[in-house]
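Asks: One structure follows; several queries about it will come next.
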Amino acid sequence: MNPSLFPSSAAWSCLLLDCALLFNAPAAAAPFVPRDDSEILARVPDRRDPLAVGLRERHVALSANPGNWTLASDLAQRYLQLHRASGDPRHLGRAQSVLAPWWEASAPVPILVQRATLKQSLHDFPGALRDLHAALQQAPDDGQAWLTKATILTVCGDYEQARRCCLALARLASDVVVVTASASVAALTGQAERSCEVLRQALARNGSAPAGEKVWAQTVLAEACARLGQTEEAERHFREALALGERDLYLLGAFADFLLDAGRPREAAQWLRSETGVEGLLLRLALAESRQTPPPETLARNVRRLQEWFLQAQRRGDSIHHREQARFALHLLRQPGEALQLAAANWKVQREPADVRILLEAALAAGQPKAAADAVHFVRTNQLQDRCIERLVAALTAEEAQ
Amino acid sequence: MNPGKLPSTKSGLNLRVAASLAASILLWVCPPVTVAHQAGNSYLTLTRAGAQLRGEWHLALRDLHDVLDLDADGSGDITWGELRSQQAAISNYALARLQLGEAPRPASLHLAELLVDIHSDGAYAVLRFTADHSAAEDLLHVEYSAFFEVDRLHRGWLRLETPEGVRTAVFGPDAAVQRLAWSGKQPGHGPAAFIREGVWHIWTGYDHILFLLALLLPGSLRLSAREWEPVVSFRVVLGEVVRIVTAFTVAHSLTLSLAVLGRVHPAARLVECTIAASVILAAANNIRPIFRGRAWLVAFVFGLVHGFGFANALADLGLRPGQVAGALLAFNLGVEAGQLAIVLALLPALFVWRDRAFYRNLLLPVGSCAIALVASFWLAERLFD
């Protein structure tokens, strides 16, 4: 299911010793018989909740008509939306199981696009691109397919192809979406100032655009400003995005990273205080806590939780968290060797600025500048404008020269 | 990278596109970096206690609630009382999706009690159960499929507690059938492991061994009229043995490959019964000739059926699609190596004894009778099970 790129098992030798940790969680707290029948064990969505009712009805309809792809597609859509809002991978698993009869074969266009979205979430980018290619052959005007494709290509660092997808998107989506998609690519290829300009104009023009679109645009803008070192501008746009009220896990993570870079760990911890259930945010919380003096007592528990989680993800065969694992290894466990292996494995799959950065940081910390040569070349070829990355590249070049 | 959301309509678009966009449900492009909760997991620990297996299985209430409605009064809470009242349903659901031991006789599972455990990600139901499982068996065959039908990302974590330590395995929709060793080296998935599996299978495949044995027993004798006569030259004996073993090998390789690659699906019971019958025939032929001369042809024809028997074993290893060809080759090599070892062990004795009376008049008939008897017992067992 997942193309799996593991660092050598040696890299995890320390963590593998903690294999017991994985099972100590269930075993250490012994199972028990509650004393009281009325003791509450779990909270579940209200059965009468319209969302739950809708899902149940659709499941019933689908099991009555298992071959009906429109029903399946509709149900999968709902699960994908639930996943988007909550980050809970169970919803992805459910969407995948609903689409199981159409998973391998050729399928109708909406299902191909959903499959691609699922694969994207699972970091099977080649698989997702194949599905999108098939979808676009049948339906060249499917805006969502072009948008998803553009996003994936941007993440993979294939900016030329991404630009073409943005061009194709031009007639098929709203102003804000088209501009944001193109600006995302342009900001990473030497036109950061221009992209910021264009995004601001688009936002000014489209005050009544849906909140979701504006959040995306503001986030891209904020990140571009942060990379350029325009900290005040970046913060303004982050706060504007947060003020739009949409719960966006990516935005929370990006803002936390911004605060960490700005040397404001206390604020970052404040923002993420209640996000211990979402592991990517838990990582940033732990990073923020580790930078406070003195570190709060919850740090040890959070680190342990993350350790268990990464180990379990590895044993599951998930390779989607290598970037987070690398950050965890480098900054919290202080193991540059392992971090470098993880970052290098991550680099094979995705090439966002954050991926570049962790690879450069790990290579520098491990004293192996050559390991990051490809990333340095990538930065120079694409003219990636990022203050932190530029500093790292300078440091690595200096180290290599020694 | 951040999500992009398409609007349902846009002025200025052509009608077809507008209509299709309006018809489609808005979809968020998921950010590639998954900031994720814990995915669905369940945890099973197995220990041996005498002739029984004891199991403790932790299943998340969230996952159980998806497949069985645990909130009887619709209050939005699952209480201990509600969970307790669903004990039978939970047990039925879970134990039906766990198989310990191979078909046709897996261990039967008996629920002992239901408890609760609080993990870091919420409350879990704990099923404690026992399974009647032969303590002598070293390899545990496990088929695990809880929640896979509703959540393809669900994983089952198995932990086998043995005197030497703990063995673990992860079960998923693509790895739902696995075998773990209670002791010694855990069967792995590399070529060496499959070669070992092949050797192990022929050495513990007593029906295959007895078949070969029955064919080879008269190997250094030649049938003339109605009697066996010793063959003079070792070369001839060797030639005969080589023909028989090669024919058997070629035939079972063929059908093993066909079955494993999914081309042919013979019924397991039919295969097992025919194998038993083949042993009887081969043995009986030594006593009263049923087919003359070409033992290698008999070896070939029945070898085809024996191949299907091996295929069952290989299929149980739960191979991932990419592994199959390599595993097949390695497994086959293992079978051949195992066979060769047996033949090489027998051959000198067969040749040296060829003109001994006890061989011709005692070992051959009595040995063949014994083989036929054992095989008849198997046949009866397999027919009427």
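Asks: Averaged over A:81-93, how many beta carbons belonging to a partner chain fall within 10 Å of each residue's beta carbon?
Replies: For this peptide, the per-residue mean of nearby foreign Cβ atoms is 6.
Asks: Computed FRET efficiency, Cβ-Cβ of B:VAL352 and B:ARG294, R0 25 Å: what is it to the nearest 0.05?
Replies: Computed FRET efficiency for B:VAL352 and B:ARG294: 0.50.
Asks: Grab the other residues whose beta carbon is less than 10 angstrom from that of B:ALA112, score K and R as +1, D and E as -1, and report the net.
Replies: 0
Asks: Would you kindly derive the ³J(HN,Hα) couplings of the range A:39-49 from the backbone phi angles with the Karplus curve 6.51 cos²θ - 1.76 cosθ + 1.60 (θ = phi - 60°), listing them in order in whole Hz, with x for Gly and Pro?
Replies: After applying 6.51 cos²θ - 1.76 cosθ + 1.60, I find 5, 8, 9, 7, 10, 10, x, 4, 4, 7, 4 Hz.
Asks: Roughly speaking, what is the centre-to-centre gap between the range B:367-385 and the range A:134-198 when only Cα atoms are used, to the nearest Å?
Replies: Between the Cα centre of the range B:367-385 and that of the range A:134-198, the gap is 71 Å.
Asks: Now for a separate question. At 222 nm, what helix-only mean residue ellipticity would the protein assembly as shown give, in deg cm²/dmol to the nearest 500, using -39500 (n - 2.57) for each DSSP H run of four or more?
Replies: Mean residue ellipticity at 222 nm (helix-derived): -18500 deg cm²/dmol.
Asks: Computed over the Cα atoms of the range A:157-213, what is the ratio Rg over Rh, Rh following Kirkwood?
Replies: 0.97
Asks: Related question: Could you check what % of the DSSP bridge pairs in the protein assembly as shown are antiparallel, to the nearest 5?
Replies: Percentage antiparallel, nearest 5: 90.
Asks: Then there's this: For A:LEU228, what charge total do you get from the other residues with a beta carbon under 14 Å from its beta carbon, if Lys and Arg give +1 and Asp and Glu give -1?
Replies: Net of charged neighbours comes to -3.
Asks: Can you work out the FRET efficiency for the pair A:ASP37 and B:HIS110, with r the C-beta to C-beta distance and R0 = 22 Å, to the nearest 0.05?
Replies: For A:ASP37 and B:HIS110, the calculated efficiency is 0.30.
Asks: Another question, if that's okay. To the nearest 0.05, what FRET efficiency results for B:TYR206 and A:ASN68 with a Förster distance of 45 Å applied to their C-beta separation?
Replies: 0.30
Asks: Under a plain spin-label model, where a point goes 7 Å from the Cα along Cα-to-Cβ, how far apart in nm are B:ASP138 and B:THR246?
Replies: 3.4 nm
Asks: When Cβ neighbours within 10 Å are restricted to other protein chains, what is their mean count per residue of peptide B:118-125?
Replies: Partner-chain Cβ atoms within 10 Å, mean over residues of B:118-125: 5.
Asks: Per residue of A:31-38, count partner chain C-beta atoms within 10 Å of its C-beta, then hand back the mean as an integer.
Replies: The shielding value for this peptide is 6.
Asks: Say each of B:ILE118 and B:ALA103 gets a label point 7 Å from the Cα, pointing the same way as Cα to Cβ; how far apart are those two points in nm?
Replies: 4.3 nm
Asks: Excluding A:ALA105 itself, calculate the net charge of residues whose Cβ lies under 12 Å from the Cβ of A:ALA105, where each Lys or Arg counts +1 and each Asp or Glu counts -1.
Replies: That sum, taken over residues with Cβ under 12 Å, equals -1.
Asks: Another question about this same structure. Could you check the spin-label model distance between A:ALA398 and A:THR381? Points 7 Å from the Cα along Cα→Cβ, value in nm.
Replies: Roughly 2.7 nm, to one decimal.
Asks: With every protein chain present, what accessible area does B:THR130 have (1.4 Å probe, heavy atoms only), rounded to the nearest 10 Å²?
Replies: About 30 Å², rounded to the nearest 10.
Asks: If you average the alpha carbon positions of the range B:110-174 and of the range B:243-313, how far apart do those two centres end up, in angstrom?
Replies: 37 Å
Asks: Given the pairs A:LYS119/A:LYS348; A:LYS119/A:LYS214; A:LYS119/A:LYS370, which span a C-alpha to C-alpha distance of over 23 angstrom in this model?
Replies: Beyond 23 Å between Cα atoms: A:LYS119/A:LYS214; A:LYS119/A:LYS370.
Asks: Right, another one. Output the peptides A:135-141, B:145-151 sorted from most to least packed, where packing is the average of other Cβ atoms within 10 Å over each peptide's residues.
Replies: Descending packing order for the listed peptides: B:145-151, A:135-141.
Asks: Ranked from highest to lowest mean number of other Cβ atoms within 10 Å per residue, what is the order of the peptides A:157-164, A:260-267?
Replies: A:157-164, A:260-267
Asks: Run a plain Debye calculation on the protein assembly as shown (Cα atoms as equal point scatterers, no solvent) and give log10 I(q)/I(0) at q = 0.05, 0.06, 0.10, 0.11 Å⁻¹, rounded to two decimals, same order as the q list.
Replies: -0.36, -0.50, -1.09, -1.23
Asks: In terms of Cα to Cα distance under 16 Å, which aspartates and glutamates are near enough to A:LYS149, apart from those fewer than 8 places away along the same chain?
Replies: Candidates past the 8-residue exclusion: A:ASP124, A:ASP131, A:ASP141, A:ASP158, A:GLU160, A:GLU352.
Asks: Give the separation of the Cα centroids, the range A:216-251 to the range A:303-345, in Å.
Replies: 27 Å
Asks: Under a point-charge model restricted to the Cβ atoms of Lys and Arg (+1) and Asp and Glu (-1), what is the dipole moment magnitude of the protein assembly as shown relative to its Cα centre, in debye to the nearest 20?
Replies: Charge dipole, the protein assembly as shown, about its Cα centre: 1760 debye, nearest 20.
Asks: Give, rounded to the nearest 20 debye, the magnitude of the charge dipole that the range B:68-160 has about its Cα centre when Lys and Arg contribute +1 at Cβ and Asp and Glu contribute -1 at Cβ.
Replies: 240 debye
Asks: If you place +1 on the Cβ of every Lys and Arg, -1 on the Cβ of every Asp and Glu, and leave all else neutral, what size is the dipole of chain A about its Cα centre, to the nearest 20 Debye?
Replies: It comes to approximately 260 debye.
The values are calculated or read from the model by the stated rules, or taken from the named source; none is laboratory data. Computed from a predicted model, the values in this text were never measured in an experiment. In this analysis, Cβ positions are derived from the backbone assuming ideal geometry, glycine residues included, and neighbour counts consider all displayed protein chains. Just the protein is used for accessible areas: all its heavy atoms, side chains included, with ligands, DNA and RNA removed. Shrake-Rupley method; radii C 1.70, N 1.55, O 1.52, S 1.80 Å.
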